[in-house]
Structure formats: structure tokens, C-alpha cells
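The values are calculated or read from the model by the stated rules, or taken from the named source; none is laboratory data. Small disclaimer: the values here were computed from a predicted structure and weren't measured. Cβ coordinates were reconstructed from backbone atoms using ideal geometry, including for glycine residues, and neighbour counts include every protein chain displayed. Calculation scope for accessible area: heavy atoms of the full protein, side chains included, ligands and nucleic acids excluded. Shrake-Rupley method; radii C 1.70, N 1.55, O 1.52, S 1.80 Å.
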Amino acid sequence: PIGTLCVIDQIPHHLTAEQRSALRTLSKQVVSQLELRIRNRHLERMHKEQERIFSLVAHDLRTPFNSILGLSKTLANRTENLSPQRIAQSAHNILSSSLSAYHLLEELLQWSQAQINSPNNKADILDVSPLIHENIAFANDIFQLKELKLHLDIPASAQVPVSYTH
């Protein structure tokens with residue numbers, strides 16, 4: 001138990017079966033909403049971690065590429081004014097920066113592949129039908145209490161692919 005659902009009035013009443021059913025449905029809805037909040041927080045944390053990783057990768061890859069671009073531009077624009085030693089040095093620096101970028105990219109690809117093949121990484125088909133039908137039942141009780149009709153055409157099984165890491 002994580003809380004209490006309380007319905008208060010100044011006059012004591014006896015609940016009808018329909019009202020008790022509506023309260024049970026409401027309590028299930030509250031639990032579903034709490035579970036969704038927990039999942040959302042987990043997804044937000046994962047999203048922040050992903051953004052941090054991409055930021056680091058972008059920074060680490062920009063440095064060698066900026067060096068490659070700067071040196072290449074200098075060589076392209078000033079070759080006739082540079083000594084053969086300076087051209088050789090620039091070519092060596094371009095090669096060094098290229099290798100650095102290539103190694104960073106290789107490490108990123110290996111890490112990505114390890115994440116995909118990790119035994120902790122699970123891919124499943126999730127049947128969301130119970131959640132859909134629970135929410136419809138919740139809405140139906142409210143609609144009935146307000147004497148409204150709700151009709152939805154939902155398949156018996158609604159499945160979505162999911163991938164998550166524990």
C-alpha cells in the first residue's frame with residue numbers, strides 16, 4: 001500500500017454496488033498513474049544519460065575534425081607559400097587527427113554494439129490491452145455516473161514493441 005483513497009461527506013451514506021465498483025476502478029487508475037510516473041522518471045533518467053553521452057561524443061569527435069578541417073584549409077589555401085617540411089608536418093597532423101577521430105568512432109560503434117548485445121538489454125512485445133481496457137473501464141464508470149455513453153472500438157490485443165535495459 002502506498003496511500004489512501006478517501007471519500008468524505010458530512011452525512012453518512014451507504015455506498016451502492018455501482019459506487020463501490022467506481023471507487024475500485026478509481027483506485028486501480030490511481031495505481032496505474034503512479035506506475036506510469038515511476039516509468040516516466042526512469043525514462044527521463046535514461047534520456048538525460050543519453051543526452052550526456054551524445055554531448056561527450058559530439059565534443060570528442062569535433063576536436064579532431066576541427067583540426068583536420070583547419071589544417072586542410074591551410075594546406076589548400078597556402079600550399080605555394082609553405083615549405084616542404086611545413087607541408088609534411090601538416091599532412092602528418094591531418095593523418096594524426098584523422099586516426100584519432102577514427103579510433104573515437106570505432107570505440108563508439110563497439111560500445112553501441114555491446115549495449116545492443118548486452119544480456120541486460122531486453123526486447124519484447126508488450127500487450128497494452130490491459131492498460132487500455134482498465135482506462136476504458138475507469139472512464140465508463142465515470143460516464144455511467146454522469147449518464148453518458150462511451151463507445152470505443154479497441155482490438156482485444158494491442159501489442160507494441162519495446163526495448164529496455166535493466
Burial order of peptide ranges 82-91, 62-71 (average beta-carbon count within 10 Å, highest first): 62-71, 82-91
Arg78-Asp153 pseudo-label distance in nm [points 7 Å out on the Cα-to-Cβ vector]: 7.2
Sulfur and carbon atoms: percent of accessible area, the stretch 27-108 [1.4 Å]: 59
Paramagnetic reach from Leu109 in the stretch 52-96 [backbone N under 16 Å; point 7 Å along Cα→Cβ]: 61
Probe 1.4 Å - accessible area at Leu109, Å² to nearest ten: 100
Exposure rank, largest accessible area first [His59, His151, His133; 1.4 Å]: His151, His59, His133
Solvent exposure ordering (accessible area, 1.4 Å, most first) of Asp60, Asp153: Asp153, Asp60
Candidate aspartates and glutamates - alpha carbon under 13 Å from Lys149, same-chain residues fewer than 8 apart omitted: Asp141
